[in-house]
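This report concerns only the one structure given below.
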Amino acid sequence: MAVFLRLRPLRQAAGQTQTEVARSLGVSREAYSMYEAGKRQPGLEALDILAGHFGVSVDYLLGRSDCPEQAEPLSQDERALLAAYRSLDARGKRTVDGLVKLESELQKGVEK
């Protein structure tokens, strides 16, 4: 886990001290300092609290994503559309991509 690589810059960008972040986690400043130094790994609950505290995703904290923004949950329709798209072959995906591009261009024309 690369949590320690993300914590210090996030904390500094928020203008907070280690003590302030530790307090939100319910741990000592020393324990939080170990998270930043990579000498100790936060548990799942601490990761969730840290992600919420800094307004980033857990995947960002773990280094699994370079996008710090939390993803907006997909609706049921969006999940169904994504599943259908993933089941298409390359030709089907190109067709859908072309339709999306065409619809976007038509929407731009309507807005003018």
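Exactly one residue out of Tyr85, Tyr32 is part of a helix (DSSP H, G or I), aromatic (Phe, Trp, Tyr) and touching a Leu at 6+ places or on another chain (Cβ under 7 Å), and it is Tyr32.
Kindly indicate which of Ser87, Ser104, Ser75 is hydroxyl-bearing (Ser, Thr, Tyr), more than 30 Å from Ala13 (Cα to Cα) and open to solvent by 80 Å² or more (accessible area, probe 1.4 Å). The conditions single out Ser87. Screening Thr19 against (1) β-branched (Val, Ile, Thr); (2) over 14 Å from Phe54 (Cα atoms); (3) open to solvent by less than 30 Å² (accessible area, probe 1.4 Å) leaves a single unmet condition, (3). When Gln16, Gln41 are checked against the criterion of being part of a loop (DSSP other than H, G, I, E, B) and farther than 21 Å from Ser65 by Cβ, Gln16 stands alone in meeting it. Pairs meeting the criteria (first residue in the stretch 53-67 and aliphatic (A, V, I, L, M), second residue open to solvent by 50 Å² or more (accessible area, probe 1.4 Å) and not in a helix (DSSP H, G or I), beta carbons under 6 Å, at least 6 apart or on different chains) are Leu62/Met1.
In the stretch 48-57 there is no residue matching the filter, namely being open to solvent by 20 Å² or more (accessible area, probe 1.4 Å), in a helix (DSSP H, G or I) and closer than 10 Å to Val3 by Cα. Does Leu61 fit the bill of being open to solvent by less than 40 Å² (accessible area, probe 1.4 Å) and within 16 Å of the chain's Cα centre (by Cα)? Yes; evaluated as a whole, the condition is true for this residue.
The values are calculated or read from the model by the stated rules, or taken from the named source; none is laboratory data. All values derive from a computational prediction rather than experimental measurement. No Cβ is skipped: glycine too gets one built from the backbone with ideal geometry, and neighbour counts run over all protein chains shown. Accessible surface areas use protein heavy atoms only, side chains included; no ligands, DNA or RNA. Shrake-Rupley method; radii C 1.70, N 1.55, O 1.52, S 1.80 Å.
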